[in-house]
Structure formats: C-alpha cells, structure tokens
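Trainee: Submitted below is the structure of interest, expressed as structure tokens.
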Amino acid sequence: MLMPSGLLDIRKTVLQDLDFVLAAEQAESNRRFIGQWSREQHDAALQDGDILHLITQDKSGKQVGYVIITGLQDPNLSVCIKRLVIQAKERGYGKTTLSLLTDWIFAQTETHRLWLNVKEHNSRARHVYEGAGF
C-alpha cells in the first residue's frame, strides 16, 4: 500500500483496474468535470515514470476512485494533481484522498509546488480543494 489511512488506502493502479477507471471517468456524475482518456492512454500512463496513476480503495478493498499525478520528473519540482475522481460520493473520500496525496508528495518527493486545475462549475471539487488550501 502506497498511502494507507484509517478510512482509505491508496495504491498504484494495475491493468486490471482500468475497467473501473474508465467506468468512473465516464460516469454521468464525473464526465462533465474531468478529461477523458482512452484505455491506451491510461495504460501508457502506468508505464510513464513522470506519472503516478493510483487507485483509492476503502478498507474492504473496494475501489472508490482514482488519481493521476503528473510532473514527478519535472526539473522545477512542480507536481500536478491532473485528475482526482471519486465514485463513492458524500463519504469524505475526496477530502481524505487529497490529504493523503499532499502529505505523501511532500514527504516522499522533493516537490516544492503542488497544483491542480478545477473547472469553475465543479463546486463540489472546488469546496474540497479550497478547504485543503488550494
């Protein structure tokens, strides 16, 4: 487990997770807020040393979301949370995931800048991000 907590665990995505990732990305509750990648793009991201593709799961091991982090090899030490998708809404998973990611990135890498983009009409994500100091 890459990032365990009392509520969630975050681990690296494997090929067998891509059906979940694509379904979460294309779900009605998510697709208007996030970019859409093909299976091939997600598969390539799993092999890319500059990208960290992660699965968020509850303590029973059920997948509840996924995250894509880019810029791990950025010479300016600037890392981007490219995508944070939570399928299981209203359970605090987004807030917990963001906290775990932020703590891990600054503790385990030399990153000095963490950033993200959010669509203006995504009020749920904006609330979570602003609450975390973004």
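The values are calculated or read from the model by the stated rules, or taken from the named source; none is laboratory data. Since the structure is predicted, the reported quantities are computational estimates derived from the model, not experimental observations. Note that we place each Cβ from the backbone using ideal geometry, even for glycine, and neighbour counts take in every protein chain shown.
Trainee: Is one or more of the residues making up segment 96-113 among the charged types (D, E, K, R), over 17 Å from residue 131 (Cβ atoms) and not in a strand (DSSP E or B)? It would help to see each step written out before you state the result.
Mentor: Just the residues of segment 96-113 that are among the charged types (D, E, K, R), to begin with: 103, 110, 113.
Okay, now just the ones that are also over 17 Å from residue 131 (Cβ atoms), so 110, 113.
Subsequent filtering for residues that are not in a strand (DSSP E or B) retains 110.
Checked segment 96-113: at least one residue is among the charged types (D, E, K, R), over 17 Å from residue 131 (Cβ atoms) and not in a strand (DSSP E or B).
Trainee: Just to be sure, is residue 55 at pLDDT 95 or above, touching a strand residue (DSSP E or B) at 6+ places or on another chain (Cβ under 8 Å) and either assigned to a helix (DSSP H, G or I) or among the β-branched types (Val, Ile, Thr) (or both)?
Mentor: Yes; evaluated as a whole, the condition is true for this residue.
Trainee: For residue 86, which of the numbered conditions (1) β-branched (Val, Ile, Thr); (2) at pLDDT 90 or above; (3) farther than 18 Å from residue 17 by Cβ fails to hold?
Mentor: Unmet condition: (3).
Trainee: Also: Can you tell me which residue within segment 31-52, out of those that are under 21 Å from residue 9 (Cα atoms) and outside any helix (DSSP H, G or I), is nearest to the chain's Cα centre (by Cα)?
Mentor: Applying the filter and picking the extreme gives 52.
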